[in-house]
Amino acid sequence: MTIDLTKRTSQLVDLGSLGLHQVFVRFRWNATPAGAAQLDCDLSAVMLTSDHALPGREYFVFYNNLVSGDGAVRHLGDHREAIGGAHGELIQIDLARVAPEVCWILVVVSIHDAAERDQLLGDLQSGLTTLHGTPNGPILHAHAIPSTAEHGDSCILARISPNADGQWTYEAVAEPFVGGLSSIRTMYYKG
């Protein structure tokens, strides 16, 4: 089932109740014919401490830093070629290996060189985030980028964090912003 986040502010999945110690988050997209030229979405993960900061640069996982400093998060490659008619990227998160100082993992999509190419999320015909227990396993949760994100070039898609009982949860969100990977570094890296 795909959740329409334009009707809800977020959607929570209790990963502990599903018995998951490892998850895979996939983002697939198709560009509109007008926006198809060179449109490349990048999936990234931002691991944050309780003061909403990266513990170090190595905790920002993206196409140029494929593994987090604690080894818990892996970017499984930048795929610009069509996969089944859509483009896609995949991030693996081993919840048991997450550093103790990490309180949140943000999963973010951004358009590569969006400003230079004058591209926005509104140039996507579709953008779907899916949660899996294995790389090619069944979809446990899915949500689309809402039309309210069309004026951003980036969007926080999900927050993964432990709840009060220490069990990990996956919260589907849609928080668009402008500035891509450089904005993420500016917002969260204090070093």
Requested in this report: List every residue pair whose Cβ atoms lie under 6 Å apart, where the two residues are 6 or more positions apart in sequence or sit on different chains, the first residue falls within segment 155-184 and is more than 18 Å from residue 11 (Cβ to Cβ), and the second residue, located anywhere, is aliphatic (A, V, I, L, M).
Outcome: 180/114; 184/46
Requested in this report: Could you please let me know if residue 158 is of a type in the set (Gly, Ala, Ser), modelled with pLDDT under 90, at negative phi and touching a strand residue (DSSP E or B) at 6+ places or on another chain (Cβ under 9 Å)?
Outcome: no
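For residue 99, indicate whether it is touching a Pro at 6+ places or on another chain (Cβ under 6 Å) and over 13 Å from residue 44 (Cα atoms). So that I can check it myself, show each step before the final result.
Values: touching a Pro at 6+ places or on another chain (Cβ under 6 Å): no; over 13 Å from residue 44 (Cα atoms): yes.
No: the conditions fail for residue 99.
The values are calculated or read from the model by the stated rules, or taken from the named source; none is laboratory data. Since the structure is predicted, the reported quantities are computational estimates derived from the model, not experimental observations. Using ideal geometry, Cβ is built from the backbone for each residue, glycine included, and neighbour counts are taken over all protein chains shown.
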